[in-house]
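The values are calculated or read from the model by the stated rules, or taken from the named source; none is laboratory data. Every value quoted in this text rests on a predicted model; they were computed, and no experiment measured them. With ideal geometry, Cβ positions are generated from the backbone for all residues, glycine too; neighbour counts draw on all protein chains shown.
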Amino acid sequence: MPKITPFEVYAAEYDEWFEEHRAVYEAELRAIRAMLPSDMSMVACDSIEIGVGTGRFASPLSITLGIDPSPMMGMRAEARGIKVIRGIAEALPFASSSFKLVLMVTTICFLDDVSLAFREVFRVLKPHGWFILAFIDRDSPLGEMYGRNKADSPFYRIARFYNTDEVTGLLKVAGFDEHRFEFVQTVFGTHLSEAEDLKPGYGEGAFIVIRVVK
């Protein structure tokens, strides 16, 4: 079953995090933008964010369609101009080859079955479509801190974090070609008030973005 209770109860607190940690949020947006097509207007109407939440990423990235199981989060996304469909990543209510671009940001740690979700992404992507996946690396300093303090967070207490090798392994099992993976990383410490740079690759940063072409 989708883990929506904390997001229903604490939707406002979730949304406020992005204002309280503006520098990190902007770094995460920069990292995702670095992996998007140079002209998003060409694919924006053919894109979706899975686990759209409150629309904090979809809206500034010009993605106007999202899917999420939480009505309270979806209401906030809709206020940001996102059309939200209620549903889960493991059973996407779309025909095969529906989208040119699929975005998924910090969603995998809350999924019941990441492998199935990745297979669903592969299914709904058009040939040569782009999957942009962002997540917190469990082995980073921030990921380790989140893991130690899971019980203190209404969100992370229900989360399961992954490292980058685990994620890439699941992507390969889903059908994605490892030779087409590209990586960028940001958020290199645990002080979330600091501005952050971007670096290619992974292994240092907490916020990892993978781009893979079907």
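Just a few scattered comments:
- Residue check, residue 214 under 29 Å from residue 98 (Cα atoms), basic (Lys, Arg) and either touching a residue at least 40 places away in the same chain (Cβ under 8 Å) or surrounded by 14 or more Cβ atoms within 10 Å (Cβ to Cβ) (or both): yes
- Residue under evaluation residue 171, criteria (1) of a type outside the set (S, T, N, Q); (2) without any contact (Cβ under 8 Å) to a residue 60 or more places away in the chain; (3) surrounded by fewer than 21 Cβ atoms within 10 Å (Cβ to Cβ), criterion not met: (3)
- Selection within the stretch 146-168 - among the hydrophobic types (A, V, I, L, M, F, W, C) and exposed (fewer than 15 other Cβ atoms within 10 Å of the Cβ): 151
- Looking only at residues of the stretch 118-130 that are of a type in the set (A, V, I, L, M) and either in a helix (DSSP H, G or I) or free of Cβ contacts under 8 Å to residues at least 24 places away in the same chain (or both), we find that the one that is nearest to residue 196 (Cα to Cα) is 121.
- Residue 133 vs. criteria in contact with a strand residue (DSSP E or B) (Cβ under 9 Å, 6 or more places away or on another chain), in a helix (DSSP H, G or I) and surrounded by 16 or more Cβ atoms within 10 Å (Cβ to Cβ): no
- Applying a threshold of 6 Å to beta carbon distances and a minimum spacing of six or more residues, or different chains, the list of pairs starting in the stretch 70-81 at a residue that is at negative phi and ending at one that is modelled with pLDDT of 95 or more and hydroxyl-bearing (Ser, Thr, Tyr) reads 73/54; 76/54; 77/54; 80/59.
- Looking across the stretch 187-214, the residues that are closer than 27 Å to residue 120 by Cβ and assigned to a strand (DSSP E or B) come down to 207, 208, 209, 210, 211, 212, 213.
- Any hit, the stretch 147-160, residues being modelled with pLDDT of 95 or more and either assigned to a helix (DSSP H, G or I) or among the aliphatic types (A, V, I, L, M) (or both): no
- In summary, helices (runs of 4 or more DSSP H) completely within the stretch 3-70 and bearing 1 or more residues that are at pLDDT 95 or above and surrounded by fewer than 18 Cβ atoms within 10 Å (Cβ to Cβ) occur at 22-33.
- Of all the criteria given as (1) surrounded by 14 or more Cβ atoms within 10 Å (Cβ to Cβ); (2) farther than 24 Å from residue 13 by Cα; (3) acidic (Asp, Glu); (4) without any contact (Cβ under 8 Å) to a residue 40 or more places away in the chain, the one not satisfied by residue 204 is (4).
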